[in-house]
Every structure is written in structure tokens, then in C-alpha cells.
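Read the figures in this text as sums done on the coordinates, not as results from a lab. Remember, it's a predicted structure, so these values are computed and weren't measured experimentally. Note: ideal-geometry Cβ built from the backbone for every residue, glycine included; neighbour counts use all protein chains shown.
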């Protein structure tokens with residue numbers, strides 16, 4: 001159990017009332033990973049109290065503060081960003097410590113039992129294999145021909161590929177997982193939770209390089225001007241030469257979203273030929289939203305990190321309706337969430353979630369503490385009232 005004295009060092013730093021000796025002690029204390037977790041909790045509650053906002057990037061904020069501690073230890077003058085009385089600092093200490101202790105207590109909610117499903121690979125002959133993420137093995141056809149190599153959560157077809165015919169495989173990633181793929185041409189595909197990709201085991205070398213996506217994926221396409229790379233995403237085609245972009249095309253969504261990070265891509269309805277003169281072409285920083293019903297595309301400039309950071313396990317929401325957040329949380333954590341609060345469903349939020357480091361319980365507790373959103377677990381489902 002951490003003491004109030006140790007909490008005091010954190011609070012004094014947050015309100016810019018630390019001495020050089022305090023900084024030394026805080027710096028040593030923060031070298032332990034479990035103490036940095038505590039520090040992040042204090043950063044969250046302090047930010048929320050100071051600025052009365054709905055969410056913020058706690059990881060960035062805490063890292064920034066840690067860098068500042070290092071600079072200040074080197075002799076830089078500590079600048080007081082705001083004045084705060086000893087009484088107010090004491091109140092902040094008590095509130096922050098109370099918050100910390102409250103989240104450390106055993107939750108009254110029943111423990112969620114999350115089913116762990118595996119990533120599957122369907123071969124051209126219809127056979128299905130479950131990929132164990134800890135494996136490093138050669139992936140072969142039923143005839144014994146080596147098609148690719150699996151290393152952990154990546155399947156690589158760019159080396160030792162002896163496939164001679166144009167055959168297709170389908171990689172399916174369940175809710176709660178992510179998986180990566182290197183195609184035979186060297187193009188990289190990062191598949192998000194609840195997604196599948198159908199692709200040729202080895203591109204023929206003629207015509208286009210075509211794959212089919214259901215769900216969400218980030219593509220880093222190998223340059224090959226003679227063979228355009230085409231992603232079939234529901235009712236939309238995305239055409240690229242050598243570029244980086246994100247495609248979100250979950251069947252339950254009304255829109256198919258394409259966000260371009262680098263290069264250029266064309267967007268056009270499936271079943272039609274690409275026309276550079278009339279079809280929409282995205283430039284870096286642009287998002288194209290394809291309406292499947294109306295077969296139309298609307299474009300706008302966006303912060304690409306909001307749409308692509310999931311590749312590194314960080315999900316960012318900016319002015320996102322709560323119902324959209326719920327849908328993504330269900331995919332990311334493989335849980336069922338029932339929201340009975342219709343008014344809440346229409347509210348928008350900003351938040352950043354580290355999927356690989358934060359459990360669904362931690363995310364829900366964060367929403368509960370900062371947003372006052374209450375939930376309960378009923379029959380292994382999360383119910384929000």
C-alpha cells in the first residue's frame with residue numbers, strides 16, 4: 001500500500017510546489033512500473049478536476065510530466081504554472097488519494113468471463129486451421145507446398161512461397177484480437193478485431209493485386225506501378241499503387257471509411273472501372289466516407305492518428321458518439337455491452353484507450369469515475385443504466 005507521504009510528492013509536483021529533494025525522491029519512486037501506474041491515475045484525476053473535461057490522453061500527459069521531471073532534475077528552474085494554497089493542495093491530495101484507493105478496492109461487479117477465440121486461416125480447399133499466436137511454423141497447403149511462415153501474430157507470404165497456382169486464403173481475426181499479414185508482394189496488412197481478409201497466396205504477376213476486406217485493416221502497399229493494388233470493401237473499391245491507408249468496412253456500419261496517411265488512393269463503387277477523371281482521389285490527411293446506400297463519397301481533412309493508432313494498440317476517440325464507442329469496445333474486448341441510456345448514446349466523448357494495457361474493467365471504471373457513467377454485469381454482459 002502506498003503512503004500519503006508518497007502521494008504527497010505526486011500532488012506537490014502536479015501543483016508545482018516541489019523542492020529539488022522532492023524531485024529526487026519522486027524520480028526514484030517512479031522507476032518502478034507499479035508506481036508509474038499510480039502516477040498515471042493521479043494525472044487523470046488532477047486533469048479532470050482542473051479543466052472539467054470529459055477525457056484526455058493520460059499516457060501522453062504522464063509521459064510529458066515524466067520528461068519534465070527529468071529536465072527539472074538537471075537544474076532547470078521550476079516554473080509555477082498556477083498558485084494554489086496549502087489548503088487547496090491538501091484537498092487535492094485527499095481527493096486524489098481517495099480516487100486511487102477507491103479504484104484499488106475489489107470491484108463489486110461479478111468478474112467477466114471473456115471467451116478467447118483464435119485467429120483462423122481458411123485455405124482454398126475449404127479446410128480451416130486455427131493459428132496459435134505463440135507459434136513459429138511454416139504454413140503449407142494440403143499438398144505440402146510451403147505458402148508462408150507464421151511468426152507469432154504475423155503471417156508472412158513474402159518468403160519461401162512455392163505456390164504456383166492462383167489460390168486464395170481467408171484470414172479471420174475474432175473480436176478481442178489483432179493480427180498482421182505480409183502478402184507475397186511485400187505489402188503489409190494489419191487486421192483489426194472482428195475482421196477478415198481474402199487474398200491470393202501469391203499474386204499472379206498479371207493485372208491487378210486484389211484483396212477483399214470485411215472489417216477494418218491498415219494497409220502499407222508495396223510500390224508496383226504496373227499492378228495496382230485494389231481493396232474490395234463491401235460495396236466499395238479502393239485503388240492504390242504504393243501507399244499507406246486505413247479502411248473500415250464492418251458489415252453493420254452504414255458507411256465505409258477510408259483514411260489516407262501517405263500516397264494517393266482512388267475510391268469508386270464495386271463493379272465499376274476506376275476513372276481518374278470522375279472518381280474521388282484522396283490525398284494524405286483526407287478521409288473518404290462512402291455511403292453504401294447512396295453510392296456516394298464525402299471527403300474531409302482529419303487527424304490520421306485518430307484512425308490509424310489502433311495498429312499500435314491505442315484507440316482514440318474524438319467527438320465520438322457513445323454508441324460508436326460501445327460498438328468498438330465490444331469488438332476490441334470481445335464483450336457484450338447493453339446501453340439502456342438513450343440520452344447517453346447520443347452524447348459525444350473524447351478518449352484514448354490502450355487496449356494492450358487496459359482491461360475492459362479499467363476502461364469502464366474510468367468512464368464511471370470521470371464521466372459518472374454507471375454499469376453492472378448481468379449474465380456475463382455489461383449493462384449501462
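So if I take the centroid of the Cα atoms in segment 207-268 and the same for segment 303-347, what is the distance between those two points in Å? Centre-to-centre (Cα) distance: 22 Å. When 27, 204, 196, 248 are arranged by Cβ crowding within 10 Å, least crowded first, meaning fewest neighbours, the order is 204, 27, 196, 248. A simple spin-label model places pseudo-atoms 7 Å from Cα toward Cβ; at residue 301 and residue 338 they are separated by 4.5 nm. Please give, to one decimal in nm, the separation of the simple spin-label points placed at residue 117 and residue 36, each 7 Å out from Cα toward the Cβ. If labels sit at residue 117 and residue 36, their model points lie 3.4 nm apart. A straight chain from residue 208 to residue 133 at 0.36 nm per residue would run longer than the Cα-Cα distance by 23.9 nm. Among 379, 374, 227, the order by Cβ neighbours within 10 angstrom, fewest to most, reads 379, 374, 227. Applying 1/(1 + (r/R0)^6) with r as the Cβ-Cβ distance of residue 143 and residue 357 and R0 = 45 angstrom yields a FRET efficiency of 0.55. Residues 261, 238, ranked from the fewest to the most other C-beta atoms within 10 Å, line up as 261, 238.
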